[in-house]
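What follows is a short report on a single structure.
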Amino acid sequence: MRIDDIDALLATVQFSSLNQAAEYLGITQSAITRRLQRLEQELNVTLLERQTRR
């Protein structure tokens, strides 16, 4: 488990937005998504319910 992955999760929860969390952390949205996926795989749980806007 990496601290960067936990930071990504906390920022995403705080802002309720991957884009805003990524901007806050100074990384891309794809990077934050990879961090969250890595954390979910390591813990073997779904941490966030993802919703797409249409």
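List of remarks:
- Between the labelled values (1) 13.0, 41; (2) 10.4, 33; (3) 24.6, 82, the entry that holds Rg and Dmax of the Cα atoms in Å as derived from this structure is (2).
- Computed [θ] at 222 nm, deg cm²/dmol, the chain (DSSP H ≥ 4; -39,500 (n - 2.57); rounded to nearest 500): -20500 deg cm²/dmol
- Rough spin-label spacing in nm, given labels placed 7 Å along Cα→Cβ, for THR46 and SER30: 2.5 nm
Here, each number is a calculation from the coordinates, and none is a lab measurement. Bear in mind that the values here come from a model prediction, so they are computed numbers and not experimental data. Please note: Cβ atoms are built from the backbone with ideal geometry, for glycine as well, and neighbour counts cover all protein chains shown.
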